[in-house]
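The values are calculated or read from the model by the stated rules, or taken from the named source; none is laboratory data. As the structure is a prediction and not an experimental result, all values here were calculated from the model. Neighbour counts are summed over all protein chains in view; Cβ atoms, including those assigned to glycine, are modelled from backbone coordinates with ideal geometry. Just so you know, the surface numbers come from the protein's heavy atoms only, side chains and all, with ligands and any DNA or RNA stripped out. Shrake-Rupley method; radii C 1.70, N 1.55, O 1.52, S 1.80 Å.
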Amino acid sequence: MNPSENTLPTISDDLLLQCMHCGMCLPTCPTYVLTKRERSSPRGRIRLIKSMAEGKLNFTHEFITEMNFCLDCRACETACPAGVHYGRIIEETRRVIAETTKISYKTRILRRLFLTGLFAKQKRLQLLARVVRFYQKTGMEWFVLKFNLTGLFSKKLKQIAPLSPKISAKFTKQLLPEFLPAHGETKYKVALLTGCVQDIAFAETNLATAEVLVRNNCDVYIPQNQACCGSVHAHTGAVELAKKNLLHNCAAFYIDTIDALIINAAGCGSFLKESGEIFSLAEDAVAIKKLASKTRDISEFLCEINFRKPEAHLDLIVTYHDACHLAHGQKIRSAPREIITSINGVILKEMRESDWCCGSAGVYNITHTETANKLLDRKIRNIQSTNAEIIISANTGCSIQLAYGIRTSGSQLKIMHPIDLLWRAYQAEERNE
Amino acid sequence: MVNKSKIIEKLTLISGSENVLTEPEDMISLSYDGTPLYEMLPLCAISPQTVEQISQILKAAHELEFKVVPRGTGTGLSGGAIPVANSVIVMMHHWDKIIEIDEKNLTVTVQPGVITQDLHTAVEACGLFYPPDPGSMKICTIGGNVAENSGGLRGLKYGVTSSYVMGLQAVLPEGSIVSFGNKCVKNVSGINMKDIFVGSEGILGIITEIVLKLIPKPQDQKTMLAFFNTIEDAGETVSAIIAEKIIPCTLEFLDQTTIKCVEDFAKIGLPIEYEALLLIEVDGPSIIVEDEAARIIDICKKHGAQNVEFARNSEEAEKLKTARRAAFTALARVKPTTILEDATVPRDKVAPMLRQIQIIAKKYNLLFGTFGHAGDGNLHPTCLTDERLTDEMERVELAFEEIFKVALEMGGTLTGEHGIGVAKKKFLAKFEMPANLQLMKKIKTTLDPNNILNPGKVFDL
Ligand SMILES: Cc1cc2nc3c(=O)[nH]c(=O)nc-3n(C[C@H](O)[C@H](O)[C@H](O)COP(=O)(O)OP(=O)(O)OC[C@H]3O[C@@H](n4cnc5c(N)ncnc54)[C@H](O)[C@@H]3O)c2cc1C
Ligand code: SF4
Ligand code: SF4
């Protein structure tokens, strides 16, 4: 490759110079803490990218490996007093890597499966999910796992199999109509993004979200023609596909007429909020910016509108896992905790390193299984030492990863979304009445 | 000409290939520390596993003619850990064991790679206290702290790292292993050699083990913030508190630019309309704490404090101190390049020094944010600039030279805690008494006749 091709023109000098290499982010970076290797730290990666931008380093295999080793968890962004936009730097770098290099055949197939196959059309994903559910129900899962049959397909698939989430018995479409009116006075008109994986693995959480919203003076639209938010595409370099989904959703959600687009999966929310910035130079920037500005995480939104505190009493000890894309990506920490502690009788026991990545990190647990498992073990240990009976997590990817960790550690812990808990409290209250 | 592949071969023999780094990506990420504007690539880097291996590395350096640069976690602010030409980085941050907390003798024995904050946590769990707390404490190493004789927020009352080093083991440049001092509170057996290594900036030996003094944890503490309309008022207050014979544990100064940046990052509700604030903490037995806090409030008000607030609880106090520790990096929000200095003056000169910094900033048309450990006269005038503007960078250089000059005229020093390294050696050469410099160089050449260990740091021979 000739040197002129090495540069990363879209990452501005200013963005990189913002880092004054003080090292204050190092102790919060999981890949640094696990390896103690400077290049696997935020400060190291930024310097590598800067060297690349200055033409001092080529697109080496090691460089790419290092960039992909990053979890994109953004703990470094939270820690950085200088306000370095690490997420933008790493994602832009990965986009350029994806465009410039030939990705290995296996990864390409895997990506094609995920991007154009699975995530592009919700329907196709649901169909696949049905097959998977059949497989789980009939006990074939056990059989395949036991005899390592997935190994026949590919090594990667074997790694994915135990991770695959329990599929919801029903999808959102079957649980919810396209429109639910507010109970009582309508103060807000909101739309609900049902999410791809969220929809098939945690459709009940979508139901809970809608039910809680209508009990807080919201009309809720749940358009069936909505598309995936586009984050999986953008994170893996398929930017055009991501944009297509964003624009589709601007129309599907009637973005001009609603007060807020409600998200209950942190990863989707984080991406949507940033999409305005990512596509600020695109032709359709205005529409995307509007979508971004109306995006709200469900916990954030409920706290903003001063949600109704449930009156019922639930006797539970819970702990809360800060999803990276909520705590670091969207800076939302107190809202989910406020919801949890608003319920009488619920005791929130904080775990150590609650804002440490659980290892899920998009497709990281598939591409970097070993590191992901180390992080998961660490997370499960921290959870277990709280003696909580329920883990509250507000992101689909985390919930799947945590469920996997719980299963393999033989624990009885349950996982819930903050909104599942609030819905449970509302339901208890209504039963009492 | 050094033979790189031979060197790598030799180092691999010493510590095993898994402990030798050679990839360009690793070299780039070891080419800097926390100091702006300096970088250099090393030949390779090694994580030695034993003291003997360090000795062998240094002997190999003589044989194969490479230089050796010790490194902690690279947060240094004078370029001490930045590679030099033909150098191998000896990484010490893996040496992170707390060997023994001795509650009977009130000492802790550590390897040099222990992170300062981890040491705090460990000894505080035993009701003990290790006071030095540099702003970088959550990531810097004790070895780096000893090599730089680092200070911190609690330096005013409790002193700096050197006040706590009771003994240490080091490998000398020629490879011999020495060990001076121990757990004895009193020890005058021969020349006080251990202190030569404290603040030696990695040029006299590689430190491999340290015995540190601990003290009982103070019973109580009170933390407060005082806000001022002028920098001078804040400066006068600092000198007045000391003159009143009160020694707070912490007495930190932040000017308005710094306050704004810190608030922007930490979002703890600091008012940004004042020109300066003092973060003050007193500690000790409860009655004394109450009394001193009351007297300090009086002094603050007498010297023009517009408002004095107490931290409501220890979490709030911790938040304030954590925010203060972020000050330096937070200033980087303003401009692409952030250059911080460390000029220090006697404590009665804090107000005039602050005034001089303002005058100099204006004269050279530069933007400064100033904060620092005002209670011990250690200020950090920080220039917010852009390394891409050559004209401005020339003015920055002149401004700092002038700041050093006025500090020295007031009976001060070039650096209170960050060391000379590469960044300030020019000024040391210019301002230090020739006889002093000569003695320092003599010590260096005696221990390191071939100039193997971290050459070109502190001074050129
Ligand atoms: C945000 C920030 C805040 C800071 N605040 C303060 C502060 O309040 N007070 C203060 O004093 N400093 C402060 N510093 C400076 C710096 O953190 C200290 O100098 C610290 O002690 C350096 O430790 P390190 O492990 O990073 O050492 P490094 O930077 O890796 O090395 C520093 C020097 O020590 C030598 N060295 C390291 N380990 C050894 C060893 N085992 N044997 C021999 N030599 C060795 C190196 O060769 C080098 O010369 C701050 C820095 C930053 C970035
Ligand atoms: S990213 Fe921020 S915290 Fe990390 S080294 Fe750079 S400036 Fe410091
Ligand atoms: S995003 Fe996470 S893994 Fe990546 S550098 Fe930042 S803290 Fe480390």
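B:Lys245 satisfies every condition listed in (1) in contact with a helix residue (DSSP H, G or I) (Cβ under 9 Å, 6 or more places away or on another chain); (2) more than 14 Å from chain A (Cβ to nearest Cβ); (3) in a loop (DSSP other than H, G, I, E, B) except (1). A:Gly151 - would you say it is of a type in the set (Gly, Ala, Ser), at pLDDT below 50 and not assigned by TED's automatic domain parsing to the domain that holds A:Ala323? Yes: the conditions hold for A:Gly151.
Can A:Gly329 be described as at pLDDT below 95 and under 24 Å from A:Ala203 (Cα atoms)? Answer is yes for this residue. Just one of the numbered conditions (1) touching a strand residue (DSSP E or B) at 6+ places or on another chain (Cβ under 6 Å); (2) without any contact (Cβ under 8 Å) to a residue 40 or more places away in the chain is not true of B:Ala317: (2).
B:Lys441: of a type outside the set (A, V, I, L, M), open to solvent by 30 Å² or more (accessible area, probe 1.4 Å) and not assigned by TED's automatic domain parsing to the domain that holds B:Cys261, yes or no?
Values: of a type outside the set (A, V, I, L, M): yes; open to solvent by 30 Å² or more (accessible area, probe 1.4 Å): yes; not assigned by TED's automatic domain parsing to the domain that holds B:Cys261: yes.
When the stated conditions are applied, B:Lys441 passes them.
Could we say that B:Leu37 is under 26 Å from A:Phe63 (Cα atoms), touching a residue at least 60 places away in the same chain (Cβ under 8 Å), within 11 Å of another protein chain (Cβ to nearest Cβ) and open to solvent by 30 Å² or more (accessible area, probe 1.4 Å) here? Yes: the conditions hold for B:Leu37. Flag set for A:Pro27, criterion: within 16 Å of ligand 1 (Cβ to nearest atom), at pLDDT 95 or above and part of a helix (DSSP H, G or I).
Return yes or no: is A:Thr35 at pLDDT 95 or above, open to solvent by 40 Å² or more (accessible area, probe 1.4 Å) and more than 10 Å from ligand 2 (Cβ to nearest atom)?
On the way: at pLDDT 95 or above: yes; open to solvent by 40 Å² or more (accessible area, probe 1.4 Å): yes; more than 10 Å from ligand 2 (Cβ to nearest atom): yes.
The answer is yes for A:Thr35.
Check whether at least one residue in region B:387-403 is within 16 Å of ligand 2 (Cβ to nearest atom) and either without any contact (Cβ under 8 Å) to a residue 40 or more places away in the chain or within 14 Å of chain A (Cβ to nearest Cβ) (or both), and report yes or no. Yes: region B:387-403 contains one or more residues that are within 16 Å of ligand 2 (Cβ to nearest atom) and either without any contact (Cβ under 8 Å) to a residue 40 or more places away in the chain or within 14 Å of chain A (Cβ to nearest Cβ) (or both).
Answer yes or no as to whether A:Leu26 is open to solvent by less than 20 Å² (accessible area, probe 1.4 Å), farther than 20 Å from B:Gly74 by Cβ and within 16 Å of ligand 2 (Cβ to nearest atom). Judged against the criteria, A:Leu26 is not a match. From the set of residues in region B:204-224 that are open to solvent by less than 10 Å² (accessible area, probe 1.4 Å) and in contact with an Asp or Glu (Cβ under 8 Å, 6 or more places away or on another chain), which is nearest to ligand 2 (Cβ to nearest atom)? Selected residue: B:Thr223.
Here is a yes/no grid of residues against (1) closer than 28 Å to B:Thr337 by Cα; (2) of a type in the set (A, V, I, L, M); (3) open to solvent by less than 20 Å² (accessible area, probe 1.4 Å); (4) facing another protein chain (nearest Cβ under 10 Å):
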{"residue": "B:Ser5", "(1), (2), (3), (4)": "no, no, no, no"}
{"residue": "B:Asp26", "(1), (2), (3), (4)": "yes, no, yes, yes"}
{"residue": "B:Leu43", "(1), (2), (3), (4)": "yes, yes, no, no"}
{"residue": "B:Ile54", "(1), (2), (3), (4)": "no, yes, yes, no"}
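Count of region B:98-108 residues, restricted to those that are out of contact with any Phe, Trp or Tyr (no Cβ under 8 Å at 6 or more places or on another chain) and open to solvent by less than 10 Å² (accessible area, probe 1.4 Å), is 1. Checked against the criterion of being in contact with a strand residue (DSSP E or B) (Cβ under 8 Å, 6 or more places away or on another chain), assigned by TED's automatic domain parsing to the domain that holds B:Cys140 and under 26 Å from B:Gly199 (Cβ atoms), the candidates B:Val114, B:Val51, B:Val84, B:Val68 yield just one match: B:Val114.
Taking region A:65-105 as the range and being farther than 21 Å from A:Ala372 by Cα, among the aliphatic types (A, V, I, L, M) and modelled with pLDDT of 90 or more as the test, the residues that pass are A:Ala79, A:Ala82, A:Val84, A:Ile89.
Taking A:Ile64, is it part of a helix (DSSP H, G or I), of a type outside the set (Lys, Arg) and within 9 Å of ligand 2 (Cβ to nearest atom)? First the steps, then the outcome.
Details: part of a helix (DSSP H, G or I): yes; of a type outside the set (Lys, Arg): yes; within 9 Å of ligand 2 (Cβ to nearest atom): no.
Answer is no for this residue.
B:Leu367 meets the conditions (1) within 14 Å of chain A (Cβ to nearest Cβ); (2) under 16 Å from B:Asp264 (Cβ atoms) in every case but one. The failed one is (1).
Residue by residue, here is whether (1) of a type in the set (S, T, N, Q); (2) touching a residue at least 12 places away in the same chain (Cβ under 8 Å); (3) touching a Gly at 6+ places or on another chain (Cβ under 6 Å) holds:
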| position | (1), (2), (3) |
| --- | --- |
| B:Val108 | no, yes, no |
| B:Thr121 | yes, no, no |
| B:Asp133 | no, yes, yes |
| B:Tyr164 | no, yes, no |
| B:Ile215 | no, yes, no |
